[in-house]
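Let me begin by presenting the structure, written as structure tokens, before commenting on it.
The values are calculated or read from the model by the stated rules, or taken from the named source; none is laboratory data. Please read these numbers as outputs of a predicted model, since none were measured by experiment. Positions of Cβ are generated from backbone atoms using ideal geometry, with glycine treated the same way; all protein chains shown enter the neighbour counts. Areas reflect the complete protein model, heavy atoms only, side chains present, ligands, DNA and RNA absent. Shrake-Rupley method; radii C 1.70, N 1.55, O 1.52, S 1.80 Å.
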Amino acid sequence: MKESVRYLWKFVRYLYKSKHRRGFGIHSPSLFYMVTMIIEDKNPYYCFDRIEGLRKFLKKSGKTIMCDWIEERTEIKVSDLIHAQNFSPVYDQLLFRLTNHYKPRTVVEIGDTIGLSTLYLASSDRNRKVISVGDSENIIQFAREVLKKNKVENTEFKNKVAKETVLAVAESLEEVDFLYLGRSLPADKIKEVVDALECSITSRTVMVMSDIYKTKQKELVWNELKKHSKVRVSLDMFHYGILVCDEALQKEDYNLFFLP
């Protein structure tokens with residue numbers, strides 16, 4: 001089956017199976033609150049207009065970046081990178097709401113980003129430590145400038161998504177409270193990252209995996225992560241998969257209807 005046909009079929013199947021909306025069928029009070037008051041919240045927060053104004057500016061700017069991946073050097077428009085890295089602003093804003101709700105002390109973002117998702121992850125608490133790891137030094141430098149111009153100083157960028165890099169990040173943080181696995185991250189890197197962070201994942205940890213059905217390999221990794229010994233609850237939102245490691249929760253897998 002071609003990937004495009006498989007992806008469409010998975011989306012239709014998701015629509016058919018996603019019965020948990022507005023907290024329906026969710027018995028845990030904390031999860032019910034998260035779904036109804038955090039995930040499904042449509043109220044704008046103070047920083048949304050500023051970051052979305054920046055998104056619009058970058059899309060129209062005509063700026064380009066030389067992407068310096070190992071096997072490829074090509075100039076790409078920032079607007080194309082925004083499209084490749086983000087589904088829609090709603091999903092970036094969900095990262096803000098989740099971090100604002102769970103109040104993680106440490107956040108790790110894996111995957112190339114021009115800084116928009118990083119801004120959302122860092123903005124709800126300027127005292128939290130956010131580390132973003134990507135493969136393109138030029139994209140990383142662009143993201144640094146984006147955060148510098150927005151006067152966000154609680155972020156740090158690392159180059160090269162590799163086991164040794166992630167292990168060094170884990171050692172520097174000891175505990176990872178929030179992990180965001182970005183859209184550009186291939187399936188093999190996702191498993192490598194989670195394995196490297198194993199000792200840093202605690203009962204406080206929340207993980208968000210982006211584009212869980214993009215490829216068959218990513219879907220397999222997502223299903224494997226749901227069975228992880230430290231994961232208690234999974235929320236399948238098609239474009240996003242959320243994993244909660246709270247030991248107080250019963251082991252559950254939910255298909256959550258979320259179409260902004």
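Data overview
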quantity	calculated
Test set (1) modelled with pLDDT under 90; (2) out of contact with any Lys or Arg (no Cβ under 8 Å at 6 or more places or on another chain) - ALA84 fails condition number	(2)
Matching residues, the range 238-248, being more than 18 Å from PRO104 (Cα to Cα) and either among the charged types (D, E, K, R) or open to solvent by 10 Å² or more (accessible area, probe 1.4 Å) (or both)	HIS239
Subset of the range 27-54 [over 18 Å from GLY241 (Cα atoms) and in a loop (DSSP other than H, G, I, E, B)]	HIS27, SER28, LYS42, ASN43, PRO44, TYR45, TYR46, CYS47
Filtered residue count, the range 206-260, keeping only those that are touching a helix residue (DSSP H, G or I) at 6+ places or on another chain (Cβ under 9 Å) and among the charged types (D, E, K, R)	11
The range 1-22 residues that are under 17 Å from LEU235 (Cβ atoms) and open to solvent by 100 Å² or more (accessible area, probe 1.4 Å), paired with ones that are in a helix (DSSP H, G or I) and modelled with pLDDT of 85 or more (beta carbon under 8 Å, 6 or more apart)	ARG22/VAL35; ARG22/THR36
Within the range 162-192, tally of residues that are aliphatic (A, V, I, L, M), more than 13 Å from the chain's Cα centre (by Cα) and closer than 22 Å to PHE96 by Cβ	3
Number of the exception - THR113 against (1) open to solvent by 20 Å² or more (accessible area, probe 1.4 Å); (2) assigned to a loop (DSSP other than H, G, I, E, B)	(1)
Within the range 84-106, tally of residues that are open to solvent by 30 Å² or more (accessible area, probe 1.4 Å) and of a type in the set (Val, Ile, Thr)	1
The range 217-234 residues that are closer than 17 Å to LYS189 by Cα, paired with ones that are in a loop (DSSP other than H, G, I, E, B) and not basic (Lys, Arg) (beta carbon under 7 Å, 6 or more apart)	LYS218/ASP211; LYS218/ILE212; GLU219/ILE212; GLU219/TYR213; TRP222/ILE212; LEU225/VAL231
Hits in the range 82-110 - residues which are part of a loop (DSSP other than H, G, I, E, B) and basic (Lys, Arg)	LYS103, ARG105
Check on ASP125, assigned to a loop (DSSP other than H, G, I, E, B), open to solvent by 10 Å² or more (accessible area, probe 1.4 Å) and of a type in the set (D, E, K, R)	yes
Near pairs, Cβ below 6 angstrom, 6+ apart or cross-chain, from the range 175-187 (at pLDDT 90 or above and among the basic types (Lys, Arg)) to any residue that is part of a strand (DSSP E or B) and surrounded by fewer than 23 Cβ atoms within 10 Å (Cβ to Cβ)	none
Residue count for the range 106-127, restricted to those that are more than 27 Å from ILE76 (Cα to Cα) and at pLDDT 95 or above	2
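Yes or no, residue by residue, for (1) at pLDDT 85 or above; (2) at positive phi; (3) not aromatic (Phe, Trp, Tyr):
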{"residue": "ARG22", "(1), (2), (3)": "no, yes, yes"}
{"residue": "ILE26", "(1), (2), (3)": "no, no, yes"}
{"residue": "PRO29", "(1), (2), (3)": "yes, no, yes"}
{"residue": "TYR33", "(1), (2), (3)": "yes, no, no"}
{"residue": "THR36", "(1), (2), (3)": "yes, no, yes"}
{"residue": "LYS42", "(1), (2), (3)": "yes, no, yes"}
{"residue": "TYR46", "(1), (2), (3)": "yes, no, no"}
{"residue": "GLY53", "(1), (2), (3)": "yes, no, yes"}
{"residue": "GLY62", "(1), (2), (3)": "yes, yes, yes"}
